[in-house]
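Below is one structure, written out as structure tokens; the observations come after it.
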Amino acid sequence: MKSTNKRAVVLLSGGMDSTTCLAIATSEGYDCYSMAFDYGQRHAIELEKAGLQARAFGVRRHMVIGVELSKIGGSALTTEIAVPKEPPAGDIPVTYVPARNTVFLSLGLAWAETLGARDIFIGANQVDYSGYPDCRDEFISAYQRMANLATRMGMRGESISIRTPLLNLDKAAIIRRGLELGVNYINTHTCYDPTPGGLACGLCPSCRLRLAGFAAAGCKDPVAYA
């Protein structure tokens, strides 16, 4: 692949949204550097899927960073707290991982500075986001201001942008956009509570959102469900 010298860091979880973000960044002509996180999550199969998507889209380098958020706990995704099987009702759900996007963006920001990349893509979404505070536009805007205050690049006037192309799209629109850009969604993982063999449960809030999105987009979800 020919280099464009237009670099972006893409936070790549192996899920639908981050993979679609990678496809969008690639379509916009960026040389992409993807970063995934082994943070003690119970659904570590997503790291395998992130690697598959990084290869599929020809990223310049794919990095997996270990961050032991499981030692901090406080989330059903990193501890033995039961994953709910019903949609969240009102409050921030137990599947929220405290400060996860703040931590991930900070590591992505450090790599972006090293690479001289002025764009960081993250699949944050405030439409189907389950109430997570770190998926809101207010958070992203505040983080971008901080990033430009806290970095050498920012002080030199080389402004850093936190790119959230999916922020205001519903799942159906995200799926349609990804399919247009060649995303193979069979190599993505969404489930909060997969089986030991990696099958999606089909019942957790994340699976429900995914299945509803494919139905609304008028196509069948290609992944296998338990």
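The values are calculated or read from the model by the stated rules, or taken from the named source; none is laboratory data. Remember, predicted model here, so these are calculated numbers, not experimental data. So basically every Cβ, Gly included, is an ideal-geometry build from the backbone, and we count neighbours across all protein chains shown.
When the residues of the range 194-219 are filtered to those that are over 20 Å from Leu52 (Cβ atoms) and within 17 Å of the chain's Cα centre (by Cα), the one that is modelled with the lowest pLDDT is Pro205. Flag: Ser75 matches the condition of being closer than 21 Å to Phe37 by Cα and either surrounded by 20 or more Cβ atoms within 10 Å (Cβ to Cβ) or touching a Pro at 6+ places or on another chain (Cβ under 9 Å) (or both).
Ala142 passes every criterion in (1) loosely packed, with under 15 Cβ neighbours inside 10 Å; (2) aliphatic (A, V, I, L, M); (3) within 25 Å of Ser70 (Cα to Cα) apart from (3). Are any of the residues in the range 38-60 in contact with a Lys or Arg (Cβ under 6 Å, 6 or more places away or on another chain) and free of Cβ contacts under 8 Å to residues at least 40 places away in the same chain? Checked the range 38-60: no residue is in contact with a Lys or Arg (Cβ under 6 Å, 6 or more places away or on another chain) and free of Cβ contacts under 8 Å to residues at least 40 places away in the same chain. Considering the range 109-139, and only residues there that are surrounded by 20 or more Cβ atoms within 10 Å (Cβ to Cβ) and of a type in the set (Gly, Ala, Ser), the residue that is nearest to the chain's Cα centre (by Cα) turns out to be Gly123. Is it fair to say Thr26 is surrounded by fewer than 22 Cβ atoms within 10 Å (Cβ to Cβ), of a type outside the set (A, V, I, L, M, F, W, C), farther than 29 Å from Thr95 by Cα and modelled with pLDDT of 95 or more? When the stated conditions are applied, Thr26 passes them. At positive phi and part of a loop (DSSP other than H, G, I, E, B): which single residue out of Gly197, Gly202 fits that description? Gly202 is the lone residue from the list that is at positive phi and part of a loop (DSSP other than H, G, I, E, B).
Listed by first and then second residue, the pairs with beta-carbon distance under 8 Å, at least 6 apart or on different chains, first residue in the range 160-171 and at positive phi and part of a loop (DSSP other than H, G, I, E, B), second buried (at least 17 other Cβ atoms within 10 Å of the Cβ) and modelled with pLDDT of 95 or more, form an empty list. Scanning the range 174-201 for residues that are touching a residue at least 24 places away in the same chain (Cβ under 8 Å) and among the small types (Gly, Ala, Ser) yields Gly178, Gly182, Gly198, Ala200.
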